[in-house]
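Below: one structure, written as structure tokens.
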């Protein structure tokens, strides 16, 4: 079985990555059931939300943080527009609250059914069978498929595996670093203690409390079902499929630029 599947559309990395990546894995599935997605991104739910629902962990993966329709949010938008009947659990994403402030706003604006949840509620939802899919963006992907993303992603993916919930990273191929052998080589930024001890300038912890605030964590590739790119879905072995996707994207972009250049030259003659 091939470890790489070509997406149905071709577009430039970044601006249109989500259009091809999103349409291929989710919206194009003819029998994709009404579902609840966890967005750590984001999650999908097959059941109607309870009166007081909860949702998962999420750094922003939409147009506000990227371009066009975004990465993981692009997948959600395509599935929603295709009438797949999805519902999204959006985690608040402490400490910066990107999920609460950004992702929730984008989904509401797009008319996508969703509920905002506290970060720690995602495990409960998965245990109760309320999540059928976990989606998240990434800041960097190593050659072996290890993924660096907003801190808390690793925990969500481990719990997803425990509860047999598939987890996908959604990234443009430009995020894949073939020179980075594994996640062990990815530097994890430590951010200001104020992000943890205050919310909107209001102190919520004892003054002077020691704080450890890593901005990211690394999810080992073994916890991922696949990695969605603008070239299609990459499956294990990731060291093969990611390299193939990266090379295909580079060749496609080179051909596109050659075509544009030829058009410009032709118009000037």
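The values are calculated or read from the model by the stated rules, or taken from the named source; none is laboratory data. What you see is a predicted model, and the numbers here were worked out from it, not measured in a lab. Here Cβ is always computed from backbone atoms with ideal geometry, including for glycine, and neighbour counts include all displayed protein chains.
A few comments on the model shown:
- Conditions (1) modelled with pLDDT of 95 or more; (2) more than 29 Å from residue 253 (Cβ to Cβ); number of the one not met by residue 109: (1)
- The stretch 153-178: number of residues that are in contact with a strand residue (DSSP E or B) (Cβ under 7 Å, 6 or more places away or on another chain) and part of a loop (DSSP other than H, G, I, E, B): 4
Every residue, every condition in (1) in contact with a strand residue (DSSP E or B) (Cβ under 6 Å, 6 or more places away or on another chain); (2) part of a helix (DSSP H, G or I), yes or no:
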| site | (1), (2) |
| --- | --- |
| 180 | yes, no |
| 184 | no, yes |
| 222 | no, yes |
| 244 | yes, yes |
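- Restricting attention to the stretch 89-116, the residues that are touching a helix residue (DSSP H, G or I) at 6+ places or on another chain (Cβ under 7 Å) and in a strand (DSSP E or B) add up to 5.
- The listed residues are 91, 119, 45, and the only one of them that is more than 22 Å from residue 231 (Cβ to Cβ) and at pLDDT below 70 turns out to be 45.
- Restricting the stretch 188-210 to residues that are out of contact with any strand residue (DSSP E or B) (no Cβ under 9 Å at 6 or more places or on another chain), part of a loop (DSSP other than H, G, I, E, B) and on the phi < 0 side of the Ramachandran plot, the residue that is surrounded by the most Cβ atoms within 10 Å (Cβ to Cβ): 193
- Within the stretch 216-249, being at pLDDT below 95 and either at positive phi or surrounded by fewer than 16 Cβ atoms within 10 Å (Cβ to Cβ) (or both) holds for one residue alone: 232.
- Selected residue [under 17 Å from residue 95 (Cβ atoms), modelled with pLDDT of 95 or more, touching a strand residue (DSSP E or B) at 6+ places or on another chain (Cβ under 9 Å) and crowded, with 24+ Cβ neighbours inside 10 Å] from 149, 213: 149
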